[in-house]
Amino acid sequence: MFKSVKNKFFRGVLSALVILLGLCLGFFLLVYLTVPAYKFKEPRPFSGEYLYNPYQDMNPDQWKKYHFHCHSHKYFGLTNGRKSKETAIDSVYQALGYDHYGISDYMHINPHGAEKEGFIPGYEHGYGFIRKTHQICIGAEKVWRIDYPFMQNLNMKQHTINKLGEQSRFVMPAHASFTKGYKVSDMKWLSNYRLLEIMNPYGNALEHWDMALSNGHRVYGLGDDDTHDITNIREVCHNMTMVNTPDLVPEHVYEALEIGNSYTVEFVNFFCFPMSLEEKIHEVRDLAYLTKAQLVSDTLFIETSAERMREVSFIGQNGKVLKTQEDVHTAFYVIQPEDSYVRTQIDLNLRDVLYLNPVTRHPSPTVVDRRLDEVNWAQTVLYWVVYAVAVLAFIWYLIKKAKDAN
């Protein structure tokens, strides 16, 4: 009698667990399978007789230091922000002379600093642990809770970018090469985003950037620290973004980022060799900055506040180095008719590298961005009907098996 009751109890528990597992599986299946099916137009390189220079209205006296990606102590430290209290983040980045340092907690808009004029709300979107297909949402209005944490195909990545863009000023694919969350080949097709995190200690994305640019996507680069432990000075001040704006008013910052009036800074040896906070403060505050990126007819002239630039490289279609100049005060490149875009990379001194946004070709003076994605509604509805029937049938089967066991 006791044995029979015991067996019945365990069968009941097992049945409940099976049902719970089935419901969880069904939930995730529904989340994944409700993604629309997209059809992507064939991409094409930039072309046309007009050259767009993002620095045409640059004022060299208006550069501001920005950083959009770091983590504070949230979720009991489970997200590896255990020692990063907001006040500690303030202390370090203010000492470094940053004008803005955005806290981008996972799936949470941190209100710290909201009382300041230059506050820009943001967060890091994504639950994924194995394949970190994450995005930094800059100027976020609210958090979009849906994600595809186990794996993502091209449809899911494009759909996520589109949905996040409805609630944020910018959606920026983060640490693209880290765990291959974004494949280089993805950037050929993905559109409807303006910014790409090209410099991140966990994964740079220059190949991704050149793939996007080579296929006609007007994407501008940013650099961030992705700091998780603010008390570990090795995690601080690897990369930053210089934004050309007259003040810290968010809308003015957004306008500069939108047109590409910004550039990325990489502090190469900060990661390779230990430096104290005081040494980093000195390095950052003495950093040479861009003073000229002027397009005269078809010739691009580059200058910085440094007396000499160690090496300046001009890079074009498919990441090909078009020209390199060494130990110069002024660098220049004559843009050829076959050059679809030209971006400039400046090695100042073997320690500090500047990545400028590209000059791009267009058929008219007014720049129009091309979207490649379009929802294939006939295919989408067909998939949804088939998947819904399959999921319901599977849940019914699990419930039936559980009843039979009793």
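Rounded if a/c is under 1.5, else prolate if a/b is larger than b/c, else oblate: which is region 172-311, with a ≥ b ≥ c the root eigenvalues of its Cα gyration tensor?
oblate
When the P(r) is computed for region 253-390, the part past 27 Å accounts for 40% of the Cα-Cα pairs. For region 347-356, putting each phi into the Karplus relation 6.51 cos²θ - 1.76 cosθ + 1.60 with θ = phi - 60° gives couplings of 8, 6, 6, 6, 10, 10, 10, 10, 10, 8 Hz, in residue order, rounded to whole numbers and with x for Gly and Pro. Taking 0.36 nm per residue of separation and subtracting the Cα-Cα distance, full extension of the segment from A88 to D286 would add 68.9 nm.
Evaluated over the Cα positions of region 343-406, the convex hull gives a direction-averaged projected area, one quarter of its surface, of 11.7 nm². With contributions of -39500 (n - 2.57) from each DSSP H run of at least four residues, the per-residue ellipticity at 222 nm computed over the chain stands at -9500 deg cm²/dmol. Is region 176-235 rounded, prolate or oblate when judged by the Cα gyration tensor, a ≥ b ≥ c being the square roots of its eigenvalues, rounded requiring a/c under 1.5 and prolate requiring a/b larger than b/c? Prolate is the answer for region 176-235, as a/c is 1.5 or above and a/b outweighs b/c. Protection proxy ranking for 391-400, 286-295, 330-339, using the average of other Cβ atoms within 10 Å per residue and placing the highest first: 286-295, 330-339, 391-400. For the listed residue pairs K85/K142; K39/K142; K180/K401; K85/K132; K65/K323, the alpha carbons are over 31 angstrom apart in K180/K401. Between the amide H of F40 and any residue lying 5 or more places away or on another chain, no distance stays under 5 Å, with hydrogens modeled in the peptide plane. Summarising the label geometry, the points placed 7 Å from Cα in the beta-carbon direction at V375 and T324 lie 4.9 nm from one another. For region 299-309, backbone phi angles converted through the Karplus equation (6.51, -1.76, 1.60; θ = phi - 60°) give residue-by-residue couplings of 10, 9, 10, 10, 9, 10, 6, 6, 5, 9, 9 Hz, Gly and Pro being listed as x.
Each Lys and Arg contributes +1 and each Asp and Glu -1, all at the Cβ; summed about the Cα centre of region 61-285, the dipole is approximately 820 debye.
May I ask you to compute the full-extension gain from W396 to N59, defined as 0.36 nm times their residue separation minus their alpha-carbon distance, rounded to one decimal in nm?
Going from the current span to full extension adds 114.8 nm.
In the chain, Rg over Rh equals 1.06, where Rg is the alpha-carbon radius of gyration and Rh the Kirkwood radius from pairwise Cα distances. The modelled label-to-label distance between R310 and R44, using points 7 Å beyond Cα along the C-beta direction, is 4.2 nm. Within region 99-154, the GluC sites (Glu not before Pro) that combine a DSSP coil assignment with at most 10 other C-beta atoms in a 10 angstrom radius are E115, E117. Rounded to two decimals, the Cα-based Rg/Rh of region 213-270, with Kirkwood Rh, is 1.06.
Largest GNM mean-square fluctuation among Y387, Y66, Y98, using the chain with Cα springs under 10 Å: Y387. Working from the Cα coordinates of region 61-285, the gyration tensor eigenvalues give, after taking √(5λ), semi-axes of 25, 19, 18 Å in decreasing order. Packing here is the average count of other Cβ atoms within 10 Å per residue, and on that basis the peptides 35-41, 223-229, highest first, run 223-229, 35-41.
In summary, the convex hull built on the alpha carbon positions of region 132-187 has an orientation-averaged projected area of 3.6 nm². Taken along the Cα-to-beta-carbon direction at a fixed 7 Å, the label points for M151 and V389 span 2.5 nm.
Can you tell me which of A390, A176, A95 moves the most in a GNM of the chain? Springs connect C-alpha atoms under 10 Å apart. In the Gaussian network model the winner is A390.
Ordering of 250-258, 105-113 by packing is 250-258, 105-113, highest average first (other Cβ atoms within 10 Å, averaged per residue). For the options S191, S313, S91, a Gaussian network treatment of the chain with springs between C-alpha atoms closer than 10 Å singles out S91 as fluctuating the most. Between F129 and E338, the contour length at 0.36 nm per residue exceeds the Cα-Cα span by 71.0 nm.
The numbers here are math on the coordinates, done by the rules we state, and not lab data. As the structure is a prediction and not an experimental result, all values here were calculated from the model. Using ideal geometry, Cβ is built from the backbone for each residue, glycine included, and neighbour counts are taken over all protein chains shown.
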